[in-house]
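Read the structure below first, then the notes.
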Amino acid sequence: MIKSAIMKGRMNLLINLFRRQTIFLAYMVFFSSQFSSSCSSDHSIEFKHQVIATPLPGTEWGTGGFTLADYDGDGDLDVTIQCRSDDDKVYWYEYRESDKWIPHFIGIAREYQLGGTAYDVNRDGHTDLVMGHVWFRNPGDLNANPDSEWDMYPYNGDMPEENHDIVTADINLDGMEDIVMYNQEAGTLRWYNTTDPYNWTYTDIATDVNENDVHSGLFPKGFADLDNDNYVDLIMPVFWYKNPGTTGEKWIKKEYLYTPILPNPYGKGMRVWSGDINSDELNDIIYSDCDVQFSKVYLLINEDGGKTWKKEEIPVPESNVGESGSFHSLQVADFDNDGDLDIFAGEQEDPNKLMKPPGLKERGIIFQNIGTIKRPQFSPVIIHEDNPGWHDALIGDVDGDGDIDIVSKVWNADQPVYHLDYWENKLK
């Protein structure tokens, strides 16, 4: 009897141990799968630098009209650019292969233009180029005749020369994109209605923006519905601007958790993206400082329709000189194809010591989301260090292979060569 009871006790103990081990193993399998998914262990990040053009036409600082779009309708993406010191000429660079881009002349803009955006203005199925005072109509036959002439149309742009930031967004919910721009010299934030593609009308959102010493904002995606009324709002340093939803009513300035770096050489500047980063059906804000050294990257979580925000600084790895430069490039996308959003920030190449600490090796950084869709956490991966630096980088699947690539230009080279660059995503 005693021996039987002992054997029975041992058996029960083994059964319990087996059950506990089974539960533990099941839990570990589940946890491991969740951890593996969230940490993207099967999605390593690697980019290969390719040259689009070096040197660019011209020999002095200043590039504008920079866009990324399929201009010739062949399924891959091309770029446009204007060089300040090249007699106001505008070019499009045709993508042939990762290391082969062919320049073609578009036209001569009325004066040097900074901002630019790609948009089918006349809705003929071909992407046009919009710049600060003019837009160029895509001739529509670029695939067969890449050197075809582009017609140029001045629009109601009675602004000074520098239209710093230009984006497209459907401001009035008519189903068609409008043109939104900020002009630093005038201190004016304005949107253009392009319903009639050859006769634009405009509405000034604010004409006192530079009273707060604002240099730049809006780009690349400083627009989203922040208060859940279905209308697109706009984001600048100091304030976000609430879309009234009715023509003729004033846009309302709303404060948020923007922190400037002072002093700065040109005024308060930012690169900004807005979208739902944590899948809670509220649009959040990600921004980087720019045009000033010691720049940072921030995540602002929208907690209740733009009324309150939770601010998190996304840690930037220490550079070779300790401090960061100007993060004049910011983009947000799923760079590792794991289903959540990552952040790209790139430091500006510039000899101006107020923007680039002496000796800094500029970095392009992917902040990879290693958290979950609802609780993002970001880990930095440096994809490139040292020249070439980054200025207003653009993203898209350039080569049509299913992942997100990066193109970038230079504003003011800290070497005597002005260049246009492509970073090919080599997703593994």
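The values are calculated or read from the model by the stated rules, or taken from the named source; none is laboratory data. Everything quoted here is computed from the prediction, not taken from an experiment. Cβ: placed from backbone, ideal geometry, glycine included. Neighbour counts: every protein chain shown. In case anyone asks, the SASA skips ligands and DNA or RNA and just uses the protein heavy atoms, side chains included. Shrake-Rupley method; radii C 1.70, N 1.55, O 1.52, S 1.80 Å.
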Checklist entry - What dipole magnitude, in Debye to the nearest 20, does the chain give about its Cα centre under +1 on Lys/Arg Cβ and -1 on Asp/Glu Cβ? => result 2820 debye
Item to check | Positive-end extreme of charge dipole, the chain - chosen from 57, 351, 337 (charges on Cβ) | outcome: 337
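Suppose every Lys and Arg Cβ carries +1 and every Asp and Glu Cβ carries -1, with no other charges. What dipole size does segment 103-149 come out with about its Cα centre, to the nearest 20 debye?
Values: 3 positive and 7 negative charges, 31 e Å.
Roughly 140 debye, rounded to the nearest 20.
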Checklist entry - Rounded, prolate or oblate: which fits segment 94-139 when a ≥ b ≥ c are the square roots of the eigenvalues of the alpha-carbon gyration tensor, with rounded for a/c under 1.5 and prolate only if a/b beats b/c? => result oblate
Item to check | the chain: angle of helix 2-39 to the longest principal axis, Cα-based, in degrees nearest 10 | outcome: 0 degrees
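By the gyration tensor of its Cα atoms, with a ≥ b ≥ c the square roots of the eigenvalues, what is the shape of segment 281-360: rounded for a/c under 1.5, prolate for a/b over b/c, or oblate?
Prolate, since a/c reaches 1.5 and a/b exceeds b/c.
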Checklist outcome for this item: The local net charge around residue 366, scoring Lys/Arg +1 and Asp/Glu -1 for residues other than residue 366 whose Cβ lies under 9 Å from its Cβ, equals -2
Checklist outcome for this item: Relative contact order as a percentage, segment 211-290, C-alpha pairs under 8 Å and 6+ apart, gives 31 percent
Next on the checklist: If you count only protein heavy atoms with a 1.4 Å probe, what accessible area per residue comes out for the chain, rounded to a whole Å²?
Outcome noted: 44 Å²
Item to check | Option label - Rg/Rh (Cα atoms, Kirkwood Rh) computed here, alternatives [x] 0.95; [y] 1.08; [z] 0.99 | outcome: [y]
Checklist outcome for this item: Rounded to the nearest Å, the spacing of the alpha-carbon centers of segment 381-428 and segment 182-259 is 29 Å
Checklist entry - What residue among 85, 119, 103 has its Cα farthest toward the positive end of the dipole of segment 75-132, where the charges are +1 on Lys, Arg and -1 on Asp, Glu, each on the Cβ? => result 85
Item to check | Rounded percent of accessible protein surface that carbon and sulfur make up, the chain, 1.4 Å probe | outcome: 51 percent
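Relative contact order for segment 58-118: what is it in percent, counting Cα pairs under 8 Å that are at least 6 residues apart? Can you show the working numbers first?
Numbers: 129 pairs, mean separation 21.0, N = 61.
Relative contact order, segment 58-118: 34 percent.
Decide, for segment 73-187, between rounded, prolate and oblate: order the square roots of the alpha carbon gyration tensor eigenvalues as a ≥ b ≥ c, take rounded if a/c falls under 1.5, and otherwise choose prolate if a/b is larger than b/c, else oblate.
Working: a/c = 1.89, a/b = 1.30, b/c = 1.45.
Taking the square roots of the gyration eigenvalues as a ≥ b ≥ c, segment 73-187 is oblate.
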Item to check | Alpha carbon centroid spacing (whole Å) that separates segment 278-292 from segment 301-328 | outcome: 9 Å
Next on the checklist: From Cα pairs below 8 angstrom and at least 6 apart in sequence, can you work out the relative contact order of segment 149-297, rounded to a whole percent?
Outcome noted: 16 percent
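Nearest 500 deg cm²/dmol is fine: what mean residue ellipticity at 222 nm does the chain get from its DSSP H runs of n ≥ 4 alone, each adding -39,500 (n - 2.57), divided by its residue count? Let's see the in-between values first.
Values: 1 runs with 38 residues, N = 428.
After summing the helix terms and dividing by the residues of the chain, the value is -3500 deg cm²/dmol.
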Checklist outcome for this item: Sorted by chain and then number, the residues having a modelled amide H within less than 5 Å of the amide H of residue 397, at least 5 places away or on another chain, are 405
Checklist outcome for this item: Given unit charges at Cβ for Lys, Arg (+) and Asp, Glu (-), the dipole magnitude of segment 124-198 about its Cα centre in debye, nearest 20, is 100 debye
